[in-house]
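Enquirer: One structure coming up, written as structure tokens, with questions to follow.
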Ligand SMILES: Cc1cc2nc3c(=O)[nH]c(=O)nc-3n(C[C@H](O)[C@H](O)[C@H](O)COP(=O)(O)OP(=O)(O)OC[C@H]3O[C@@H](n4cnc5c(N)ncnc54)[C@H](O)[C@@H]3O)c2cc1C
């Protein structure tokens, strides 16, 4: 059985430039989208990726591009991102697999019904096309659904894209505008001159620049920690499977209290146990206990805190290093955790009850990804005031695939100093505390 769905590759550049207008650190969906916007605006962009473009979270997710159910603070950005998804393929001549299929959530219990009904009011206030669907209407909207659901919430404008294709496709579009993409090129740290960013240092040497974006996914906390900055970010294991041999099942993504599925562009479906994630305990859980206490209280039932070998492997990761030595980023080129098979099998079981046409489905792939979360489950997108020139677009808390293009556009607008399309205030880095003082390494 294959471990991970197919990730498309780009033809990466071989030579590391000596200088750039902007360096992007990490080529997930956020980094490549930022690079596309910056390069299209005429800036000289270099993207450094420690492994392969898109190989971590951005190719391991379910591929839902969803506005429905988002935090109110994130909704305008999510809506703008969807506008961008709709244009990407035609505008740049690429294939991300985006398709405006609509998405439906279904409720079986009264609690689930209340949650969906409450959220429909948030959607209405934001002028979103979400609407409550009665049990009898669900039958028509989702043929084959078992008669066990009380109601649903349907958003026609939501959609899906292909995680294995999207980030590489956007990277290829950025390359057409002259962006340089370096793979197997970990960034070890930054250099400053008179307190301002003056270079980033990769495993192959320095690139002079006055602007950089940390879009390092689950590694952003470690990267910024070495600079003396505290970015509160914890890791959660998300696990999923692909199944085949399914006929007459809805082509739009559907989520219930304990299942989720999405059709892929090549046939077959991604399936997962919705609202169940494993949180492997790490030393950061103790360091950040008070930052996450309110979030833990809210999501206690969904989170499955576990003591695993990850606690000891994370304990061994150095939290500071000099730029002349191998950094932790080079030691793990691609974060590829083991899938949690009991969850994947249970996902298929619960799905068969909800949609009996999954009875003949068989699993072809199992995989997992490490999801990075912030205490308020909202990303950080903007400048890091303590080090002028340094920026962040990270902490997407399990919804970064959908908002990736919007986040890339927003951080590019901030770096370029143009008026942002979306208000960046909810995403400020300094909401996590203003008192951090960076440890700087000066340029020679
Ligand atoms: C199982 C699962 C299901 C999900 N489902 C959905 C979904 O349906 N919809 C949705 O919107 N979101 C979903 N998500 C979340 C989504 O995938 C992430 O929020 C999003 O991909 C994050 O993108 P990113 O660019 O921030 O990070 P990543 O994709 O993780 O990219 C970060 C990159 O930075 C690189 N990097 C790190 N440190 C360095 C360094 N020092 N130097 C150079 N490179 C570095 C890494 O190698 C990596 O490639 C899901 C996630 C998982 C795991």
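Enquirer: Counting only residues that are touching a residue at least 12 places away in the same chain (Cβ under 8 Å), within 11 Å of the ligand (Cβ to nearest atom) and closer than 21 Å to residue 278 by Cα, give me the strands (runs of 3 or more DSSP E) lying completely in the range 324-443 with at least 3 of them. Break it down into steps so the answer makes sense when it comes.
Expert: On the way: elements: 362-373, 380-383, 390-394.
Result: 362-373.
Enquirer: So the check is Cβ under 6 Å with 6+ separation or different chains; which pairs have a first residue in the range 179-204 that's farther than 20 Å from residue 32 by Cα and a second one that's within 12 Å of the ligand (Cβ to nearest atom) and not in a strand (DSSP E or B)?
Expert: Once the first residue is farther than 20 Å from residue 32 by Cα and sits in the range 179-204, its partners that are within 12 Å of the ligand (Cβ to nearest atom) and not in a strand (DSSP E or B) give 203/186; 203/330.
Enquirer: How many residues does the range 103-125 hold that are loosely packed, with under 15 Cβ neighbours inside 10 Å and touching a residue at least 12 places away in the same chain (Cβ under 8 Å)? Before the answer, list the steps.
Expert: To start, the set of residues in the range 103-125 that are loosely packed, with under 15 Cβ neighbours inside 10 Å comprises 109-111, 114, 117-118, 121, 124-125.
So of that shortlist, the ones also touching a residue at least 12 places away in the same chain (Cβ under 8 Å) come out as 109-110, 117.
Qualifying residue count for the region: 3.
Enquirer: In addition: Applying the selection to the range 40-52, what residues are over 15 Å from residue 12 (Cβ atoms) and either in contact with a strand residue (DSSP E or B) (Cβ under 6 Å, 6 or more places away or on another chain) or within 9 Å of the ligand (Cβ to nearest atom) (or both)?
Expert: 43
Enquirer: Scanning the range 21-39 for residues that are over 19 Å from residue 418 (Cα atoms) and not in a strand (DSSP E or B), which turns out farthest from the ligand (Cβ to nearest atom)?
Expert: Here is the first cut: in the range 21-39, the ones over 19 Å from residue 418 (Cα atoms) are 25-29, 32.
From what's left, not in a strand (DSSP E or B): 26-29, 32.
Details: 26: 2, 27: 6, 28: 2, 29: 5, 32: 8 Å.
Only one residue tops the list, namely 32.
Enquirer: Of the residues 161, 173, 166, only one is touching a helix residue (DSSP H, G or I) at 6+ places or on another chain (Cβ under 7 Å), buried (at least 24 other Cβ atoms within 10 Å of the Cβ) and under 22 Å from residue 41 (Cβ atoms); which? Even if it seems obvious, please write down each step before you answer.
Expert: Details: 161 fails: under 22 Å from residue 41 (Cβ atoms); 173 fails: buried (at least 24 other Cβ atoms within 10 Å of the Cβ).
One residue alone meets the criteria, 166.
Enquirer: Every residue in the range 176-188 that is surrounded by fewer than 20 Cβ atoms within 10 Å (Cβ to Cβ) and either within 9 Å of the ligand (Cβ to nearest atom) or over 25 Å from residue 91 (Cα atoms) (or both), please.
Expert: Once the filter is applied, which keeps residues that are surrounded by fewer than 20 Cβ atoms within 10 Å (Cβ to Cβ) and either within 9 Å of the ligand (Cβ to nearest atom) or over 25 Å from residue 91 (Cα atoms) (or both), the range 176-188 yields only 184.
Enquirer: When you check residue 258 against the structure, is it within 16 Å of the ligand (Cβ to nearest atom), part of a loop (DSSP other than H, G, I, E, B), in the same structural domain as residue 47 (by TED's automatic domain parsing) and under 30 Å from residue 100 (Cα atoms), yes or no?
Expert: Numbers: within 16 Å of the ligand (Cβ to nearest atom): yes; part of a loop (DSSP other than H, G, I, E, B): yes; in the same structural domain as residue 47 (by TED's automatic domain parsing): yes; under 30 Å from residue 100 (Cα atoms): yes.
So residue 258 passes the test.
Enquirer: Moving to a separate point now. Being farther than 23 Å from residue 203 by Cβ and in the same structural domain as residue 266 (by TED's automatic domain parsing) narrows it down to one residue among 8, 40; which is it?
Expert: Details: 8 fails: in the same structural domain as residue 266 (by TED's automatic domain parsing).
Only one candidate passes the filter, namely 40.
The values are calculated or read from the model by the stated rules, or taken from the named source; none is laboratory data. Predicted model, so just to flag it, every value in this text is computed and none were measured. Counting neighbours? That spans all protein chains shown, and the Cβs are built from the backbone with ideal geometry, glycine included.
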